[in-house]
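Participant: One structure, as structure tokens, below. Some questions next.
The values are calculated or read from the model by the stated rules, or taken from the named source; none is laboratory data. In this text, all values refer to a predicted model and were calculated from it rather than measured experimentally. Heads up, the Cβs are rebuilt from the backbone with ideal geometry, glycines too, and the neighbour counts pull from every protein chain shown.
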């Protein structure tokens, strides 16, 4: 049985999901994998931390405005908090899997 999901937009129906294939068929998944998303998130956090450090040093030497330094430090702090929260969820999921009985 095939079906599709559509959305009404501007008076017409737009296709937003591919038709479901038969139960035995599998379609390749497009887009980045979970590991790629984590690598990207860690890379973005690292870049943000380095920029915050450079802006803080620049604010101390007078090369960067204090507002820009504070904004970059706050942004880096938010990214670190998000990364820690994701890590905690991954560890909790792993621990839950290890407690499952086979």
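Participant: Can you say whether residue 59 is in contact (Cβ under 8 Å) with a residue 12 or more places away in the chain, surrounded by 15 or more Cβ atoms within 10 Å (Cβ to Cβ), touching a helix residue (DSSP H, G or I) at 6+ places or on another chain (Cβ under 9 Å) and not in a loop (DSSP other than H, G, I, E, B), as far as the supplied structure shows?
Facilitator: Answer is no for this residue.
Participant: Name the one entry in 66, 20, 49, 38 that is modelled with pLDDT under 80, out of contact with any strand residue (DSSP E or B) (no Cβ under 6 Å at 6 or more places or on another chain) and surrounded by 12 or more Cβ atoms within 10 Å (Cβ to Cβ).
Facilitator: Being modelled with pLDDT under 80, out of contact with any strand residue (DSSP E or B) (no Cβ under 6 Å at 6 or more places or on another chain) and surrounded by 12 or more Cβ atoms within 10 Å (Cβ to Cβ) holds for just one of 66, 20, 49, 38, which is 20.
Participant: Here's something else I'd like to know. List every residue pair whose Cβ atoms sit under 7 Å apart, with the two residues 6 or more apart in sequence or on different chains, where the first one lies in region 70-81 and is under 13 Å from residue 42 (Cα atoms) and the second, anywhere, is surrounded by 15 or more Cβ atoms within 10 Å (Cβ to Cβ).
Facilitator: That search, which allows pairs on different chains as well, returns 76/48; 76/49; 76/52; 79/45; 79/48; 80/45.
Participant: Is it the case, given these coordinates, that residue 102 is modelled with pLDDT of 95 or more and more than 19 Å from the chain's Cα centre (by Cα)?
Facilitator: Answer is no for this residue.
Participant: I'd like the full set of residues that are touching a residue at least 24 places away in the same chain (Cβ under 8 Å) and not in a helix (DSSP H, G or I), limited to region 82-102.
Facilitator: Listed by number, the list is empty, since nothing qualifies.
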